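Here's the structure we're looking at; comments come further down.
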């Protein structure tokens with residue numbers, strides 16, 4: 001049994017290495033302008049390869065307009081949903097639970113007061129709602145961007161499923177996970193830092209099942225943990241790529257995370273099923289477009305890899 | 001060990017079933033005209049799905065011109081290379097050897113005499129040389145077709161690596177195998193019958209290593225087998241999908257071969273790495289275009305599946 005498992009693990013390591021040698025880059029390549037739809041499909045979406053596209057949304061008014069003052073003026077008394085946590089980790093495994101943030105409704109101005117240090121604050125704030133919050137909740141901002149990325153919509157033959165607005169503190173972190181979307185991530189101001197791992201590194205990434213719980217801030221400003229005993233357990237990655245516990249998750253040492261920084265005016269193409277961990281500079285604003293992925297042979301192969309990864313767990 | 005192997009086999013079966021349910025068709029779908037390059041990439045090449053395209057080369061003079069008389073007139077005294085075997089099986093496993101045909105040089109007229117039963121013949125004849133024999137050896141015919149398939153060249157961003165001409169007897173068979181090419185197979189006259197298996201059925205398809213040998217016709221018309229003792233063994237599929245030996249290759253019962261017939265005027269898109277077995281009506285003429293495949297994530301995943309398939313061999 002152990003021998004067979006070792007052979008399986010060896011297959012996974014060779015597969016991951018050969019994949020990187022065959023078609024992945026050591027770092028994330030740049031395109032210097034918006035691509036043609038066919039070329040983008042053939043060179044990036046089809047092969048499931050990330051890239052950073054420059055000069056892709058220079059014409060968006062958002063790039064020059066989205067100062068804190070402008071956003072305050074446009075959105076001032078608007079009530080928005082903000083994720084608040086004691087430590088910056090929303091939707092992440094903490095102390096053996098899948099910890100979800102307090103979803104706090106607050107006016108945009110009061111969020112900006114927190115962001116700009118004008119009020120005493122408790123906890124870390126992050127506008128990170130992924131329900132197409134830009135088009136659904138912030139119509140005041142839609143004139144500053146475009147409703148889709150035309151060459152991407154043409155390449156995929158569909159419109160985006162969601163357009164999301166992101167604004168948060170430096171200590172707000174998005175824990176390692178993957179999405180079943182083709183993702184175009186546009187940084188408007190500040191900088192985002194991504195840690196990326198290809199789907200082919202799945203065998204080295206630990207998953208567990210965790211009981212959900214929610215943070216709730218008490219009157220004195222501290223956070224309590226509200227167990228969600230009736231909720232279904234959530235499969236999530238307990239590993240923190242910023243401080244991987246290689247004693248517990250030894251196989252992660254075979255993974256090859258790639259770090260990339262995306263600056264204001266740049267767009268990251270984050271392919272479907274790539275694992276990603278995200279940080280940002282304080283007050284960074286970003287907009288991302290989620291296009292549904294194609295459930296084709298690549299997805300099937302990934303599902304197989306996912307099942308097989310379970311077989312190497314001791 | 002046996003338990004682990006059973007779990008691996010179960011993963012493969014589920015994978016193959018889910019793949020078919022997710023994105024493959026029960027039969028090969030038809031397109032009624034030439035597709036646009038982007039759509040063809042997105043809907044067929046990217047997902048690695050076969051289809052039959054009608055009305056894709058109606059304008060080729062070959063369709064009306066390529067009668068036996070015309071070909072005799074154009075090519076009459078031209079010497080061409082013909083694969084000759086006693087049984088129709090060239091490049092196939094027979095009696096534990098990888099049997100290759102006698103590569104016979106003969107004039108086109110003498111081949112046509114054989115095809116038309118005008119001379120006593122021994123063995124089965126097939127023009128099946130896959131070295132771009134149409135452009136390299138038969139320039140007399142190139143004006144009757146096109147040098148490439150424009151929408152395919154545009155979709156892939158490259159020209160074909162090879163354009164091959166096929167002409168053979170009804171009993172000439174191409175044994176089950178796969179190619180690392182995107183293949184457009186155009187039937188000019190007659191009909192070809194393909195048995196197709198997706199790359200995801202790899203775990204159910206047996207491979208072995210076989211010593212090569214070549215057929216040679218003796219003066220009395222019989223064939224002898226010339227061993228190639230110094231040649232490297234060839235990995236090949238010993239299974240005949242027309243009469244699969246399920247006692248010996250039990251896992252093939254989990255495979256789901258799809259049969260498709262391609263008529264004169266139709267073009268089969270046979271995606272890279274699909275297993276195929278081919279027969280034809282007597283005297284069927286065909287031209288196929290081999291475009292090099294992209295060595296991307298799909299290829300990597302296939303290589304993993306290939307390695308893992310080895311682990312389930314008892």
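The values are calculated or read from the model by the stated rules, or taken from the named source; none is laboratory data. This one's a predicted model, so the numbers in the text were calculated from it and none came from an experiment. Counting neighbours? That spans all protein chains shown, and the Cβs are built from the backbone with ideal geometry, glycine included.
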Output for the stretch B:112-130, where each listed residue is touching a strand residue (DSSP E or B) at 6+ places or on another chain (Cβ under 7 Å) and assigned to a loop (DSSP other than H, G, I, E, B): B:122, B:123, B:128, B:129, B:130
So residue A:104, is it modelled with pLDDT of 90 or more and closer than 21 Å to residue A:219 by Cβ: yes
Subset of the stretch A:84-94 [touching a residue at least 60 places away in the same chain (Cβ under 8 Å) and within 17 Å of residue A:176 (Cβ to Cβ)]: A:85, A:87, A:88, A:89, A:90, A:91, A:92, A:93
Matching entry among B:68, B:29, B:61 (being surrounded by fewer than 20 Cβ atoms within 10 Å (Cβ to Cβ), more than 14 Å from chain A (Cβ to nearest Cβ) and modelled with pLDDT under 95): B:68
Of the criteria (1) at pLDDT 95 or above; (2) out of contact with any helix residue (DSSP H, G or I) (no Cβ under 8 Å at 6 or more places or on another chain); (3) over 27 Å from residue A:42 (Cβ atoms); (4) surrounded by fewer than 23 Cβ atoms within 10 Å (Cβ to Cβ), which one residue A:264 fails: (2)
Residues located in the stretch A:131-160, provided they are over 30 Å from residue B:43 (Cα atoms) and in a helix (DSSP H, G or I): A:133, A:134, A:136, A:137, A:139, A:140, A:141, A:142, A:143, A:144
When residues of the stretch B:6-22 are limited to those that are surrounded by fewer than 18 Cβ atoms within 10 Å (Cβ to Cβ) and within 21 Å of residue B:45 (Cβ to Cβ), the one farthest from the other protein chains (Cβ to nearest Cβ): B:20
Failed item, numbered, when residue B:232 is tested on (1) in contact with a helix residue (DSSP H, G or I) (Cβ under 8 Å, 6 or more places away or on another chain); (2) exposed (fewer than 14 other Cβ atoms within 10 Å of the Cβ): (1)
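Would you mention how many residues in the stretch A:127-155 are within 14 Å of chain B (Cβ to nearest Cβ) and buried (at least 22 other Cβ atoms within 10 Å of the Cβ)?
Final tally of qualifying residues: 2.
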Condition broken by residue A:159, with the remaining ones in (1) in contact with a helix residue (DSSP H, G or I) (Cβ under 6 Å, 6 or more places away or on another chain); (2) over 30 Å from residue B:37 (Cβ atoms) satisfied: (2)
Qualifying residues in the stretch B:76-89 (those that are surrounded by 19 or more Cβ atoms within 10 Å (Cβ to Cβ) and part of a loop (DSSP other than H, G, I, E, B)) - the one farthest from the other protein chains (Cβ to nearest Cβ): B:86
Unique match (being touching a helix residue (DSSP H, G or I) at 6+ places or on another chain (Cβ under 9 Å) and either in contact (Cβ under 8 Å) with a residue 40 or more places away in the chain or within 30 Å of residue A:283 (Cα to Cα) (or both)) among A:240, A:222, A:201, A:179: A:201
